[in-house]
Amino acid sequence: QVQLVESGGGLVQPGGSLKLSCVASVSIFNINAMGWYRQTPGKQRELVARITRSGSTNYPDSVKGRFTISRDNAKNTVYLQMNRLRPEDTAVYYCSAGYVNSRGYYLPDYWGQGTQVTVSS
């Protein structure tokens, strides 16, 4: 069982930045891949970043060039640096731990409780 705890959410103005953190209860060195999702009411959860054990990253076009995922194995922590934030980035952001299958799809097994990010003036 892997427990994940997110932090760092809050209110930020458009164009601003936030850095989310996700601390795992186990060594993330042993986790195949980790990812960040976001969800707004009435919509499906959307993958916004994932990173593999080797450090390979992947982003959807909606956040590419603005969001950066990174991991610190020594701290069992995964980060999501979000720059040039837009009102449409407003959502609850969830950390996850899982694996990348043979087709290259990230499949989460564990979830954090989520942290709210609100982008508004």
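The values are calculated or read from the model by the stated rules, or taken from the named source; none is laboratory data. No experiment lies behind these values; they were computed from the predicted model shown. FYI the Cβ positions are ideal-geometry reconstructions off the backbone, even for glycines, and counts take in every protein chain you see. When the accessible area is computed, the model is the full protein with side chains, heavy atoms only, and any ligands, DNA or RNA have been set aside. Shrake-Rupley method; radii C 1.70, N 1.55, O 1.52, S 1.80 Å.
Do we have Gly35 as surrounded by fewer than 16 Cβ atoms within 10 Å (Cβ to Cβ) and either in contact with a strand residue (DSSP E or B) (Cβ under 9 Å, 6 or more places away or on another chain) or among the basic types (Lys, Arg) (or both) here?
Taking the combined requirement at face value, the residue does not satisfy it.
Looking only at region 26-42, which residues are within 30 Å of Glu88 (Cβ to Cβ) and of a type in the set (Val, Ile, Thr)?
Hits for region 26-42 are Ile28, Ile31, Thr40.
Would you mention how many residues in region 23-48 are aliphatic (A, V, I, L, M) and in contact with a Ser or Thr (Cβ under 7 Å, 6 or more places away or on another chain)?
3
Between a residue in region 1-20 that is closer than 20 Å to Gln113 by Cβ and touching a residue at least 60 places away in the same chain (Cβ under 8 Å) and any residue that is open to solvent by 80 Å² or more (accessible area, probe 1.4 Å) and among the basic types (Lys, Arg), which pairs come within a Cβ distance under 6 Å, given they are 6 or more apart or on different chains?
Pairs that qualify, where the first residue is closer than 20 Å to Gln113 by Cβ and touching a residue at least 60 places away in the same chain (Cβ under 8 Å) and the partner is open to solvent by 80 Å² or more (accessible area, probe 1.4 Å) and among the basic types (Lys, Arg), are Gly8/Lys19.
Answer yes if at least one residue in region 7-25 is modelled with pLDDT under 95, surrounded by 13 or more Cβ atoms within 10 Å (Cβ to Cβ) and among the β-branched types (Val, Ile, Thr), and no otherwise.
Checked against the condition, which is being modelled with pLDDT under 95, surrounded by 13 or more Cβ atoms within 10 Å (Cβ to Cβ) and among the β-branched types (Val, Ile, Thr), region 7-25 yields no hits at all.
Those residues that are open to solvent by 20 Å² or more (accessible area, probe 1.4 Å) and touching a strand residue (DSSP E or B) at 6+ places or on another chain (Cβ under 7 Å), I need them from region 54-67; list them, please.
Thr57, Asn58, Tyr59, Pro60
Any idea which residue in region 40-53 is surrounded by the fewest Cβ atoms within 10 Å (Cβ to Cβ), counting only those that are of a type outside the set (Val, Ile, Thr) and closer than 17 Å to Tyr106 by Cα?
Gln44
Taking region 68-120, which residues are touching a residue at least 12 places away in the same chain (Cβ under 8 Å), polar (S, T, N, Q) and either outside any strand (DSSP E or B) or open to solvent by 50 Å² or more (accessible area, probe 1.4 Å) (or both)?
Thr68, Asn73, Asn76, Gln81, Asn83, Thr90, Gln113, Gln116, Ser120
Take the residues of region 72-92 that are within 16 Å of Leu4 (Cβ to Cβ) and in contact with a Phe, Trp or Tyr (Cβ under 6 Å, 6 or more places away or on another chain): which is modelled with the highest pLDDT?
Out of the qualifying residues, it is Leu80.
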